[in-house]
Structure formats: C-alpha cells, structure tokens
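These notes are about the structure you will find just below.
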C-alpha cells in the first residue's frame with residue numbers, strides 16, 4: 001500500500017513538474033520570439049536571456065509546489081545555477097552550431113527545451129531536493145488534510 005501511495009506521489013510530482021515546465025516554456029518561447037523578432041537579437045542572446053527568465057519562473061514554482069521543499073533557497077538556487085553553468089554553454093554552443101548549419105532556430109529552441117526538461121527534472125529531483133521533498137508548509141497542510149479524512 002505504501003509503495004502504491006509513493007508511486008502516485010511520484011507520478012503527480014512528474015505531472016506538476018511538466019505543467020510548470022510548460023508554463024516556463026511559454027515564457028521562454030514568447031521572450032525568445034520577442035528578442036529575436038522585435039529586437040533583432042542573435043540566436044545565442046535570444047536563447048540565453050529567455051532561458052534565464054524561464055529558469056527563474058520554473059525554480060520558484062517547482063520548489064514550492066512540485067517538490068514542496070523547505071530546502072535552503074540560496075543553496076538550492078546555487079545547485080540549479082551549477083546545472084545551468086554546464087547546460088547553458090553546451091546548449092548555446094550546440095544550438096548555435098545547428099543554426100549555423102541551417103537548422104530552423106525554433107526547432108533548435110524546441111529541442112533544447114526538451115533536453116532541458118528531462119535533465120532538469122532528474123537533477124532537481126535527485127540532487128537539488130534530495131532528502132528535502134515534501135518538507136514545506138504546503139506539504140504539511142496536505143498531510144494534515146490526508147490525516148483528517
């Protein structure tokens with residue numbers, strides 16, 4: 001029974017991460033398009049700034065509602081920053097190379113976002129919030145509601 005409950009929690013966690021990532025993706029696509037089309041920025045600048053905006057959004061909501069963590073914010077953000085210190089240059093370099101090779105910039109953006117989605121979930125779940133999942137006030141209220149049934 002406990003394994004089934006944990007499996008349901010893990011699935012719900014993945015669903016919430018996906019939904020917040022979709023909202024962050026919308027922010028990233030809209031800002032990328034604005035920077036690229038309205039401001040005429042190059043691919044690396046458009047991608048880099050739009051990525052930072054989506055990361056800040058995603059971090060805030062996933063920490064509070066997906067992982068429901070009371071982990072130290074500066075430490076958690078530093079871990080996420082370390083992830084992006086590796087991911088961002090690799091994705092900018094790789095994306096810029098694909099664009100230079102004639103790939104569509106929006107296809108490259110979508111592929112980068114997909115790789116980011118999968119790897120960031122794993123990193124946040126197993127590194128950033130390891131041992132600190134379901135520890136905040138949102139999780140405590142949910143636990144109280146479950147016990148009240």
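The values are calculated or read from the model by the stated rules, or taken from the named source; none is laboratory data. This structure is a prediction, so every number in the text was calculated from the model and none was measured. Heads up, the Cβs are rebuilt from the backbone with ideal geometry, glycines too, and the neighbour counts pull from every protein chain shown.
Residues of the range 114-132 that are buried (at least 18 other Cβ atoms within 10 Å of the Cβ) and assigned to a loop (DSSP other than H, G, I, E, B): 129 alone. Being at pLDDT below 95 and more than 15 Å from the chain's Cα centre (by Cα) holds for only one residue in 84, 106, and it is 106. Within the range 26-39, residues that are over 18 Å from residue 56 (Cβ atoms) have Cβ atoms under 6 Å from residues that are at pLDDT below 95 in these pairs: 36/46, counting only partners at least 6 apart in sequence or on another chain. Checked against (1) under 30 Å from residue 133 (Cα atoms); (2) at pLDDT 95 or above, residue 35 passes all but condition (1).
Of 114, 90, 75, 86, all but one fail to be free of Cβ contacts under 8 Å to residues at least 12 places away in the same chain and within 21 Å of residue 14 (Cα to Cα); the exception is 114.
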